[in-house]
1. Being touching a helix residue (DSSP H, G or I) at 6+ places or on another chain (Cβ under 8 Å) and assigned by TED's automatic domain parsing to the domain that holds ASP443 is true for just one of ALA366, ALA330, ALA289, ALA353. Which residue is that?
2. Considering only the range 336-439, give the strands (runs of 3 or more DSSP E) lying wholly within it that have at least 3 residues that are touching a strand residue (DSSP E or B) at 6+ places or on another chain (Cβ under 6 Å) and at pLDDT below 85.
3. Can you spot a residue in the range 78-87 that is modelled with pLDDT of 85 or more, under 30 Å from ARG333 (Cα atoms), buried (at least 24 other Cβ atoms within 10 Å of the Cβ) and out of contact with any Pro (no Cβ under 7 Å at 6 or more places or on another chain)?
4. Within the range 313-335, how many residues are among the polar types (S, T, N, Q) and either assigned to a strand (DSSP E or B) or buried (at least 21 other Cβ atoms within 10 Å of the Cβ) (or both)?
5. Conditions: (1) over 27 Å from the mean Cα position of the chain (by Cα); (2) modelled with pLDDT of 90 or more. ARG314 meets all but one. Number of the miss?
6. All but one of (1) crowded, with 20+ Cβ neighbours inside 10 Å; (2) out of contact with any helix residue (DSSP H, G or I) (no Cβ under 6 Å at 6 or more places or on another chain); (3) among the hydroxyl-bearing types (Ser, Thr, Tyr) hold for SER282; which doesn't?
Amino acid sequence: MRADRYHFSTRDLLMMAALAALGGVTGTYLSAAGSLIQAAIGMPGSLQWAAGLHVLWLVLAVGLTGKQGAGTVTGILKGAVELFAGSTHGLLVVLVDLVAGILVDVGFLLFRGTARGRDRLPAYLVAGGLASASNVFVFQLFASLPADVLSYAGIALAASMAGLSGVVFAGLLGHMLVSTLRRSGVVKDREPRPMGRKAYPIFLIAAALLAVGLTLHLRNVSSGGGSVQVGGAVAAPYAYPQEHSDLAQVTAEGTQNNVTARYTGIPLRDLVARAEPSPGASKILIQAADGYGFFVSMDELETNTGLLLASQGRGRDATYNVVGATSSKAWVRGVISLTVISETTLEIGGALAQPGPFDPADWVTAMDSITIKLAAGPSKVQGAPLGEILTTMTPSPDATTVLLNGPAEPVTLSLADVLASDDVRLFTVIHPDAVTFAVARMDGTILAEPVTSIEVR
């Protein structure tokens with residue numbers, strides 16, 4: 001078939017869509033597993049042990065279809081699946097997968113000149129390694145920049161770990177899977193199809209322009225708007241730095257993902273103190289320009305001297321980032337507001353040895369942020385596993401159900417199902433003038449909202 005008739009067949013498109021769906025669905029669980037392993041190992045870069053498993057699906061797309069461009073297309077589709085599944089990275093995950101897909105295609109392209117070179121192990125290893133390492137640098141584009149270069153060694157180590165993971169899990173494993181499927185007859189042994197000397201460069205340029213466009217959009221969205229609103233349960237709300245620009249900066253060390261660097265900024269404690277928080281304040285919601293938000297407790301605000309608001313740029317182009325938080329999830333880029341939240345709890349009772357109130361401030365480290373469609377519209381919220389919360393309260397051996405009480409009829413859940421998985425979460429919903437609670441799954445499916453109390457029976 002001539003190069004000018006190059007196209008993806010229906011079979012190719014279905015295969016790429018299936019691989020993208022599998023990669024997108026498993027991505028959330030791989031990220032959670034990676035975080036647990038990093039916490040256990042405690043070394044910079046260990047979070048990247050699973051980077052190759054994220055890229056495996058893109059490598060398989062090229063290997064199984066034999067088509068140039070399959071990695072890029074599958075990367076876009078995979079990113080879209082993760083985005084709509086409620087990835088905490090938002091649109092950034094699409095950019096990460098797109099860049100990975102482009103590099104998978106480029107990696108195979110390097111071996112195009114040899115006989116069936118793209119079908120041999122070295123092509124898989126190079127494609128998997130390049131694509132897996134790229135995620136470190138893409139994420140770094142939107143990370144809080146350190147005040148010195150000490151952390152760049154950590155970045156290099158993380159990229160090396162990701163590249164090695166890609167060589168093993170995307171390259172070696174991908175080649176083994178494709179070879180096995182071909183020998184078994186499940187997949188036909190097809191000669192790799194070139195797109196054409198003119199068409200393929202145009203395709204890659206178009207993909208690169210899309211990546212650049214996404215990068216510029218994300219940089220603009222996360223820019224922060226040049227000011228930070230400090231408000232909520234306070235007596236004197238204000239906008240920084242338009243007000244209280246006399247606050248003194250300090251330099252402190254901060255550790256994120258086991259990489260330690262020095263940062264300079266305004267202590268968050270001083271910023272909030274100028275707003276005169278109410279006596280009942282229990283937590284601070286850090287909100288970003290892209291909708292992401294996370295909590296820090298008032299206790300951490302008072303005790304963590306390295307919790308800072310660091311700035312980049314000047315005037316309207318200034319961007320503010322919260323750094324130094326105990327939880328890496330509270331390192332927020334493009335901060336636009338700090339909202340003081342009064343003490344808010346949810347009563348949990350019934351067949352429990354230790355019933356009591358749920359306080360979000362006690363569960364900050366266990367929270368994940370997702371987008372759910374509330375009655376007032378889509379919103380990014382933070383939630384902790386309901387099963388873990390109930391486990392700490394020791395349910396009675398005879399208890400079988402969980403009642404989610406609210407204005408409408410109670411919603412009944414199986415206690416065994418809630419305890420067996422962290423998929424069902426209790427989310428804290430921040431409104432301009434109130435705090436409510438909702439129970440939803442990690443895919444965004446709302447089970448009950450608002451929830452006024454929870455009872456175990």
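The values are calculated or read from the model by the stated rules, or taken from the named source; none is laboratory data. As the structure is a computational prediction, the values presented were derived from the model and not from experiment. Here the Cβ is made from the backbone with ideal geometry for all residues, glycine too, and neighbour counts use every protein chain on show.
1. Selected residue: ALA366, the only one of ALA366, ALA330, ALA289, ALA353 that is touching a helix residue (DSSP H, G or I) at 6+ places or on another chain (Cβ under 8 Å) and assigned by TED's automatic domain parsing to the domain that holds ASP443.
2. Correct list: 368-374, 377-385.
3. Yes, the range 78-87 contains at least one residue that is modelled with pLDDT of 85 or more, under 30 Å from ARG333 (Cα atoms), buried (at least 24 other Cβ atoms within 10 Å of the Cβ) and out of contact with any Pro (no Cβ under 7 Å at 6 or more places or on another chain).
4. 2
5. It is condition (2) that ARG314 fails.
6. (2)
Residues checked against (1) part of a helix (DSSP H, G or I); (2) at pLDDT below 90; (3) hydroxyl-bearing (Ser, Thr, Tyr); (4) under 20 Å from MET176 (Cβ atoms):
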| position | (1), (2), (3), (4) |
| --- | --- |
| PHE8 | no, yes, no, no |
| GLN48 | yes, yes, no, no |
| VAL55 | yes, no, no, yes |
| VAL62 | yes, no, no, yes |
| THR74 | yes, no, yes, yes |
| GLY90 | no, yes, no, no |
